[in-house]
Every structure is written in structure tokens, then in C-alpha cells.
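See below for the structure under consideration.
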Amino acid sequence: MQSLDDLRRIIRRIETRRPPRAAAEPIERVVGGEVVDTGAGSLLVVRREYPLTHRHGRVPLDGVRRAPLDVLARVARVEGDGLAAWPAAPGPTRFSSGPAGSRATRSW
């Protein structure tokens, strides 16, 4: 059987318990992305646009224009000659990275 002191300690512990935390803010708001349903599940898409002068590591993004086309084709996941006009094409370049890898795409 518990003593009166034991019961008081238990009551004090219950009464001084911290209030529950507020719900965390959704991750899409925290990182500025959007949740997209792919049909196979949801994923978080975060888009960032940088000027070509932006440095990604040691290399400015503009350096991608000087990369060999076979390398760009692998990064952009393009097969065949589909990338032949890519470096000179107008429009912004978009680079993305995630668990499945990185890729660069152009808006035409």
C-alpha cells in the first residue's frame, strides 16, 4: 500500500506536468514548398531559382553551360540528342536535388 507521502508526490508530479506542445508547423510552410500527390504517394516539392552567377559549391551555375553534353544529359535524365540545343536555349534553368538525385531542367 502506498503511503500518504507517496500519493502527494504523485499528485504533485501530475499537477506540475508540462502542458502539451502546440502542433508543429507543416514542413511545406517551413521550407516554402508544396505537397504534391504523385498517385504513388505524396512528396514535398521545393523550388529555388538562382541567377547563373550563383555559386553552387566551387562552381557558378553558369559553369553548367561549359559541361559536356553527355554529362548534362545524364543529370537532366535526357536520352539521345534531345539535349543538343539545351545550353543555348532561352529561359531560366532550374536545378533540383532530392533523394532520387539531382537534375537540371530548362523552361522553353
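The values are calculated or read from the model by the stated rules, or taken from the named source; none is laboratory data. Just so we're clear, the structure is a prediction, and the values are computed from it rather than from any experiment. FYI the Cβ positions are ideal-geometry reconstructions off the backbone, even for glycines, and counts take in every protein chain you see.
Looking at residue 25, is it touching a Lys or Arg at 6+ places or on another chain (Cβ under 9 Å), not in a helix (DSSP H, G or I) and not polar (S, T, N, Q)?
So residue 25 fails the test.
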**Request:** Out of the residues in the stretch 1-54 that are more than 30 Å from residue 65 (Cβ to Cβ) and of a type in the set (Ser, Thr, Tyr), state the one that is surrounded by the most Cβ atoms within 10 Å (Cβ to Cβ).
**Result:** 42
**Asked** Which residue out of 79, 49 is among the acidic types (Asp, Glu), part of a loop (DSSP other than H, G, I, E, B) and at pLDDT below 80?
**Response** 79
